[in-house]
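Engineer: Provided herewith is a single structure, encoded as C-alpha cells, for subsequent inquiry.
Laboratory data are not the source of any read-out in this text; all were calculated from the coordinates shown. Everything numeric in this text was worked out from a predicted model, so none of it was measured. No Cβ is skipped: glycine too gets one built from the backbone with ideal geometry, and neighbour counts run over all protein chains shown.
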Amino acid sequence: MAKICMVVLNSVSRDARVLKEAASLVAAGHEVNIIGVRDNNYPDSFEITGDGVKINRINLAYMKQSLVYLRKALFFLFFGISIIFINFFSLSLSNVILLISFFFFISSAWLFRKFYFVLKASSNSDADTNGHSKMMDFFSSGKQLLACLLRLYPVLVVIRQMKPEIIHCHDVYTLPIGALLKLRKKCIVVYDAHEIYEELPQQDNSHRYKCHLIHRFCQGFVDRFITINTSIANWYAKSYPCLPKAEIIMNASRKVDKFDYDFRLHQAAGLPEDAKILLYQGGFATHRGLKCLVEGAKFLPENWFLVMMGWGGYEPELKVIAKQINHNEKKHRKSDLIRFIPPAPQEELVLWTAGATIGVIPYENKGLNHWFCTPNKLWEYPNAGVPILISPFPEMKYFVEKYGHGWFLPEKLNSESFGQVIQSLKDSDIHKAKEASFNFIKQNHWGIFEARLLSLYTELSSETIGSMDGNLNS
C-alpha cells in the first residue's frame, strides 16, 4: 500500500471528484492526505472525513501580499548592490549591469542543465521552429514555473514533511509541485486533468499561456496521466505527446439505492410539494448558459419553477435578472418563479437533487473544454432519478442518445428554448426518462471507474516497492 498526497487548489469539500478518488484509495488500504486551500467557507486547517480521508488546508491568502513585498525588496536590493559596486569598487553602472547579467547567465545555465531533458522531450521538431525561439520558450517556461512554485511554497513545505511516495496532482497549477518533488525526492507523479485548461472560457490569454507552458515544461515528469473522457484524452495526446497514455476515470457518482424523497428541496426553496422543479446545481460561472436559463424561466409552463442551487461569483448578476423577472411574473403567478438556495453538502446532494423534475446542464459552446465536457451533474441528476436537459455536446449527447434519459437544448441557446422543450413533454415522457436514468447509473456508476483507479494504484504501489528494493540492494 502506498503513501499518497493529493494536491488541489480549492477547499476540497466541494470537489466531488477529489473526495471520491481519495475515499476509494483509503478504502483500498492506502494512506491518503489531501492538501487544499482555506477559504471563508472552509477555514479549518485540518479535517478528517467520514471516509477516513485527511484534509490539510493551507492559507495562501497572505502569499499574494508577500510576493508584492518580495518584488519591492528585490528591487531595492538590486539598487543597493549597484550603489555599493559603483562607490566602493569604482565600477560604472554599465559594468554593474554587466556583472549582474553574468550571474544571471550562470544561474540560467544551471537551470538549463537541470531541465534540459524536459526541453528536449517537449520541444517540437518542426522545420520552422528555430533554436532561438526554443530557447526563448524555455526561459519563459522556467520563469513561469519558478513563479508558480514561489506562490505555492507553503504547499511544497507541507508535502515534503509528509514524505509521500506518490504525488497526485489535481489540475494544472499543482503540476510544477509534482515535477519539483520528483526531481528532488524521486517520488511518483500522477497528473489528474479535470479540464482542458487552455480552453476554459472564463480565462484570459495570459492564463491559457501559463497553462500551456506548465504542461509543456512538466509533461516529462508525469508517470501516470488521468483525465475525464476520451475526447479530452485525445486532445492531450495530440497536444502533449510526452504525457503517458491517459487512463479514463469519469466524474461518475456513487450508485445509491432507491429512496423516498423527503421534500427538502421544495422546503428550502419555499415551494409546495406538487411544484415541478427545473433544477440547476453547481457553480455559478459565466458561459454556462445561466443568464439565458434565468431569463428563460418566464417561458416555463404553469406550476414549473426554476431552482438555482449553488454558489459562485456570477450569482449577484443572476439574482438581479431573477428579481426583475419575478416582479414581472407576479401578474400571472402567485409566488416567485425563480428561487436561489445554497449548495447542498456533497454527502447529502443526492437527497436534495431527488426533488427536481428535470435537471439542466445549459453550457454554451465556448471552446473545446465545454464542447467535450462531462461535468459531475451528468451523473448527479440521474443518480437521484432525475432526467436531464442538456446542451448537445458530443460526450454528453452520446450518453443521452444511448440511454434515453433526457432531452437536448439547441446548440445555440435562446431563452425560449427551455420552455419550448418542457412544454413539449408529457408526464409519461418524464416518467420514462426517469426510469432510464436509473438504467444509466446502473451501467455508469463510480464503482466501474473506481476499479480503474485502484488498478492504476496497484501498479504504482508495485513500482514504489520495486524502487525501494532496488535502492536497498544498491
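Engineer: Quick one: Debye curve from the C-alpha atoms of region 264-444, no solvent, what's log10 I(q)/I(0) at q = 0.09, 0.19 Å⁻¹?
Structural biologist: -0.28, -1.41
Engineer: Please identify every one of the trypsin sites (Lys or Arg not before Pro) in region 182-246 that sits in a loop by DSSP and has no more than 12 other beta carbons within 10 Å of its own beta carbon.
Structural biologist: Lys186, Lys245
Engineer: Now for a different question. Report the full-extension gain for the segment Asp39 to Arg264: residue separation times 0.36 nm, less the Cα-Cα distance, to one decimal in nm.
Structural biologist: So the extension gain works out to 78.3 nm.
Engineer: Cα to Cα, under 18 Å, and not fewer than 8 places away if on the same chain: which lysines meet these conditions relative to Lys3?
Structural biologist: Output for Lys3: Lys20, Lys54, Lys163, Lys182, Lys185, Lys186.
Engineer: Excluding Lys291 itself, calculate the net charge of residues whose Cβ lies under 12 Å from the Cβ of Lys291, where each Lys or Arg counts +1 and each Asp or Glu counts -1.
Structural biologist: Net local charge, Lys291 excluded: -2.
Engineer: Contour minus end-to-end for Glu347 and Asp429, with contour as 0.36 nm per residue of separation and end-to-end as the Cα-Cα distance?
Structural biologist: 26.5 nm
Engineer: Mind listing the long-range amide H neighbours of Gly359? Cut-off is under 5 Å, sequence gap 5 or more, other chains count too, H placed in the peptide plane at 1.01 Å from N.
Structural biologist: Sorted by chain and number, the residues that satisfy this are Leu279, Ile388, Leu389.
Engineer: Let me spell out the model: positive unit charges on the Cβ of Lys and Arg, negative unit charges on the Cβ of Asp and Glu, origin at the Cα centre of region 264-444. What dipole size does that give, in debye rounded to 20?
Structural biologist: Dipole size: approximately 260 debye.
Engineer: Okay, moving on. When we measure straight from the Cα of Lys210, which aspartates and glutamates land under 19 angstrom away, once same-chain ones fewer than 8 places off are left out?
Structural biologist: Partners found: Asp137, Asp171, Asp192, Glu195, Glu198, Glu199.
Engineer: Can you work out the Karplus-derived ³J(HN,Hα) for every residue in region 367-379? Use 6.51 cos²θ - 1.76 cosθ + 1.60 with θ = phi - 60°, whole Hz, and x for glycine or proline.
Structural biologist: For region 367-379, the Karplus-derived couplings read x, 5, 4, 6, 4, 9, 5, 9, x, 3, 4, 4, 10 Hz, x marking Gly and Pro.
Engineer: Which entries in the list Lys319/Lys434; Lys255/Lys432; Lys412/Lys442; Lys319/Lys397; Lys331/Lys412; Lys291/Lys334 go over 26 Å, if you measure between the two C-alpha atoms of each?
Structural biologist: Beyond 26 Å between Cα atoms: Lys319/Lys434; Lys412/Lys442; Lys319/Lys397; Lys331/Lys412.
Engineer: Set the Förster radius R0 to 25 Å, insert the Cβ-Cβ distance between Asn328 and Asp274 as r into 1/(1 + (r/R0)^6), and round the FRET efficiency to 0.05.
Structural biologist: Approximately 0.55, to the nearest 0.05.
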